[in-house]
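For reference, the structure is listed below as structure tokens.
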Amino acid sequence: MKGYVQVYTGNGKGKTTAAIGLAVRAAGAGKKVFFAQFVKGCTYSEHESINRFLPEIKVKQYGLKCFIVEEASEEDINAARQGLEEVTTVLSSGAYDLVILDEACIAVHFNLFSSEELIRAIQSREKHSEVIVTGRYATSDLIEIADLVTEMKEIKHYYSSGLVGRRGIEF
């Protein structure tokens, strides 16, 4: 089966959640999944569920903090670049049926690596590997090479009224 490139972008909630949903679906079908998270370094509730119930999904984080708020540090850049190098190896190995590059668009936005480097990594994949790239600010060249692009658009969000993230819902 040929693998395709999917991009989930936009300023709305649900990009990572959609990718995790597809990871669960793939695992249920007996497929091996590699879930790479760029920028994020905290433990989220989905990690606990995946580790406990879904050994077919390998999660690896390439971030130092929960998120970069201002400017990326040298450590942030090194972690992301090391992650992209490892993900390139994973993609070219063909060992995984589904490879998720969560927040890779944000990593590009914060100049942790370039869009061209990300696209080269994606294009190095084995033909059967499906790739999902998530994050706000997908670049036009990434959108161009993608086979499917979904934009999550925020219409209304309770964060605007001061609600903070809730365990099990947002993290």
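For this structure, a couple of remarks:
- Think of a 1.4 Å ball rolled over the protein heavy atoms: the chain then has 54 Å² of accessible area per residue.
- Take the Cα of Arg52, step 7 Å toward its Cβ, do the same at Glu86, and the gap between the two points is 2.4 nm.
- Residue-wise HN-Hα couplings along the stretch 116-126, as the Karplus relation 6.51 cos²θ - 1.76 cosθ + 1.60 with θ = phi - 60° gives them from phi, are 4, 5, 4, 5, 4, 4, 4, 6, 7, 5, 5 Hz; Gly and Pro carry x.
- By accessible area, using a 1.4 Å probe on protein heavy atoms only, the stretch 104-171 has 51% of its surface on carbon and sulfur.
- Note on the chain: helix-only mean residue ellipticity at 222 nm, from DSSP H runs of 4+ residues weighted -39500 (n - 2.57) and normalised by residue number, equals -11000 deg cm²/dmol.
- For the Cα trace of the stretch 1-137, dividing Rg by the Kirkwood Rh returns an Rg/Rh value of 0.94.
- Solvent-accessible area, 1.4 Å probe, carbon plus sulfur percent, for the stretch 1-75: 54 percent
- Model label sites at Glu70 and Ala95, defined 7 Å from Cα along the beta-carbon direction, differ in position by 3.9 nm.
- Under 17 Å from a label point set 7 Å out along the Cα-to-Cβ vector of His128, the amide N atoms of the stretch 14-43 belong to 26-34.
The values are calculated or read from the model by the stated rules, or taken from the named source; none is laboratory data. Note that the coordinates shown come from a computational prediction; the quantities given were computed from them, not determined experimentally. Cβ sites come from the backbone with ideal geometry, for glycine too, and all protein chains shown count toward neighbours. Only protein heavy atoms, including side chains, enter the accessible area calculation; ligands, DNA and RNA are left aside. Shrake-Rupley method; radii C 1.70, N 1.55, O 1.52, S 1.80 Å.
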